[in-house]
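A short worksheet on the structure shown next.
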Amino acid sequence: NMDLDCIGSIVLVKYLYPDYVPVMSRLIHPSAKNLYNLYHYHLDFTPADDIKGESVTHAVIVDTRSESRVKEYFELFDRSATEIIIYDHHMGDSSDISGAVIHEGNYGSNTTMIGLVLLKNRLSISPKDATIALTGIYADTGNFTHDNVTEDDFRVATYLLKQMADIKLVNNFIKNLREEYQLSLFHEIMNTLVWQDIKGHQIVFSYYAMDKQAAGL
């Protein structure tokens, strides 16, 4: 489903493919609902069902390279003649989308990877898109505290601030994860994610080792 980094990636990739139509998943991550509700009209996402039966010649996929994650779209049209481009920062994942051209890199956020292309081409973006994209970077890097954070994550964040991103709104969108104990637990979980394919279903799980003495148990 669509999380903050996914939405941030979409608003930036539109600048690279201005003639493309952004399509929304049927599912949206709970952490992204406040942002989506505020920017609903600005984002102007097309519901997935609206592309049913359409002739789709080109498609861009962001923040995943797994067919099961985009199955809801592929079921709606014949993609045998569709050229697919992927922007995904999950370097450890294998791609099962046949024929796709993959752009990848080790970044804390997928939004960062696309932002680097905009930065290289000196593209200007709207303050609203800058705010949405910066929220995606903050969310996926755990406020720049995750182990996979890179210098480029900071570079793109600086670029977005120069494009008039509203840091107060960014803080508001991610405030539910701001308390210290929540951040610690969140980071512990994110750094121990394990992905498995079980009978055709992609399953992700994590574990958390609690200090019984510290917990008073």
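The values are calculated or read from the model by the stated rules, or taken from the named source; none is laboratory data. As the structure is a prediction and not an experimental result, all values here were calculated from the model. A quick note on method: Cβ atoms are made from the backbone with ideal geometry, for glycine too, and the neighbour counts reach across all protein chains shown. What goes into the accessible areas is simple: the full protein's heavy atoms, side chains included, and nothing from ligands, DNA or RNA. Shrake-Rupley method; radii C 1.70, N 1.55, O 1.52, S 1.80 Å.
Observations on the structure shown:
- For trypsin sites (Lys or Arg not before Pro), the sites in region 84-185 that DSSP calls loop and that have at most 15 other Cβ atoms within 10 Å are R122, R178.
- Solvent-accessible surface (1.4 angstrom probe) belonging to D147, in square angstrom, nearest 10: 130
- Lysines with Cα under 17 Å of K14, excluding same-chain neighbours fewer than 8 positions away: K120, K128
- Fully extending the segment from T82 to M164 would add 25.9 nm, taking 0.36 nm per residue of separation and subtracting the current Cα-Cα distance.
- Note that region 27-98 presents 58 Å² accessible area per residue, ligands and nucleic acids not counted, probe 1.4 Å.
- Once the Cα-Cα distance is subtracted from the 0.36 nm per residue extended length, the D147 to L38 segment shows a gain of 36.2 nm.
- Solvent-accessible area of Y15 with every protein chain in place, 1.4 Å probe, in Å² to the nearest 10: 70
- Summed over all non-identical Cα pairs, the Kirkwood treatment of the chain gives a radius of 18.3 Å.
- Using every pair of separate Cα atoms, the Kirkwood estimate puts the hydrodynamic radius of region 114-155 at 11.0 angstrom.
- Approximating the spin labels as points 7 Å out from Cα along Cα→Cβ, the H29-to-F205 distance works out to 2.1 nm.
- Ignoring lysines fewer than eight residues from K52 along the same chain, the ones with Cα atoms less than 18 angstrom from its Cα are K71.
- Apportionment of accessible area to carbon and sulfur, region 1-128, percent (1.4 Å): 49
- Pairs of Cα atoms in region 1-56 fall into 5 Å distance bins, from 0 up to the last occupied one, in shares of 4, 17, 30, 26, 16, 6, 1 percent.
- Scaled radius of gyration (Cα, divided by 2.2 N^0.38 Å) that region 77-163 gives: 1.20
- Farthest towards the positive end of the charge dipole of the chain, among the residues F205, L43, T192, is the Cα of L43, using unit charges on the Cβ of Lys, Arg, Asp and Glu.
- The Cα trace of region 48-94 gives Rg and Dmax of 11.2, 33 Å, the first to one decimal, the second as a whole number.
- When the helices of the chain are scored as -39500 (n - 2.57) per DSSP H run of n ≥ 4 and the total is divided over every residue, the value at 222 nm lands at -11000 deg cm²/dmol.
- In a simple Cβ point-charge model (Lys, Arg +1; Asp, Glu -1; nothing else charged), the chain has a dipole of about 500 debye relative to its Cα centre.
- Difference of contour (0.36 nm per residue) and Cα-Cα distance, S68 to L123: 16.5 nm
- Region 19-65: trypsin sites (Lys or Arg not before Pro) in DSSP loop, at most 14 other beta carbons within 10 Å: R26, K52
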